[in-house]
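Scroll down for the structure; my scribbles are underneath it.
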Amino acid sequence: MIYKLKQDITTIYFTLKPDKKSTFVNTLPNQAIILCGGLGTRLRPLTKTTPKPMVLIEDRPFLEHQINYLKTFGITNIVLATGYLHEKIEKHFGQQVQYSREEKKLGTAGALKNAEKLLNENFLVCNGDTFFKLNYQKFLQFHQTKNSACTLALKTVNNTQSAGFVQISPEQKIINFAEKNPQLQKGLISAGIYVMQKTILKLIPENQECSLEYEIFPKLLNQMYGFVDSGFFIDIGTFNNYHKFKKEFTSIFYD
């Protein structure tokens, strides 16, 4: 999903003190939480009985391909934040992963807060309906080098007319989440993949719907960094993109 910032938000800035426990110790994070609780309304009727992350690509669920790609970078500790039709996801993956189930809609930030007890001091966040052919090793190393509270994976696009975009400083600090641009021009968008320190969860209320993109990230401007990668990116949340990913699957993964 590509998120744009609401104009009516009131932004209050927070400064997070570096957490000594959350520094890297000769290794990169190996944990990812994947947000899988959405209703997938744009893919109805396909998602009427199947959670969006479980739609089939080459006879396997999209989510399985996503997890397998993470594992090629040593990211093997997987937490699935489930909600809608959670039983379909849990039945397929069994005990291979951990689960954090939403009993009500919690939003992208609320889902992380709900899974707090399962999360390590540094962890990746991915969306269960997007794929980015990201070099996770370089992404995590960049985050480590910057000692960032949160690092966003960014993708350059040729058209910023349809979605909000991200502005970064020469040092790659995120300085603004901008509204969609009425003029056709290149820009950076968030790919919906983040690596963050667990201290950020202190900003998220418990058991309430809350958005990372609209309510938490604006409070952390100038404390977050953006890592730009040129890899293939797609959101499978529409039929056009879903069929495009199915058609190009082999070339995406094996070229």
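Which links in K186/K219; K88/K138; K173/K198; K105/K244; K88/K173 stretch past 31 Å when you go from one Cα to the other?
K88/K138; K88/K173
Against the globular-protein guess of 2.2 N^0.38 Å, express the Cα radius of gyration of the stretch 96-209 as a ratio, rounded to two decimals.
In units of the globular-protein estimate, the stretch 96-209 measures up at 1.17.
Over the stretch 16-136, what portion of Cα pair distances is larger than 20 Å, expressed as a whole percent?
The answer is 43 percent, as a whole percent.
List the aspartates and glutamates whose alpha-carbon lies under 20 Å from that of K146, not counting same-chain residues fewer than 8 positions away?
Of all the aspartates and glutamates, those that pass the test against K146 - Cα under 20 Å, at least 8 places apart if same chain - are D19, E121, E171, D229.
What nm distance separates the two modelled labels at T41 and K71, each placed 7 Å from Cα along Cα→Cβ?
Distance between the two pseudo-spin positions: 3.5 nm.
Take F245, F227, F232, F217 and order them by how many other Cβ atoms sit within 10 Å, fewest up front.
By the 10 Å Cβ count, ascending, the order reads F232, F245, F227, F217.
Give the calculated FRET efficiency between K138 and K244 to the nearest 0.05, with a Förster radius of 22 Å applied to their Cβ-Cβ distance.
So, using R0 = 22 Å, E works out to roughly 0.25.
Summarise the long-distance tail of P(r) for the stretch 29-254 by giving the % of C-alpha pairs beyond 22 Å.
The calculated P(r) of the stretch 29-254 puts 51 percent of pairs beyond 22 Å.
No lab work stands behind these numbers, since they all come straight from the coordinates. No experiment lies behind these values; they were computed from the predicted model shown. With ideal geometry, Cβ positions are generated from the backbone for all residues, glycine too; neighbour counts draw on all protein chains shown.
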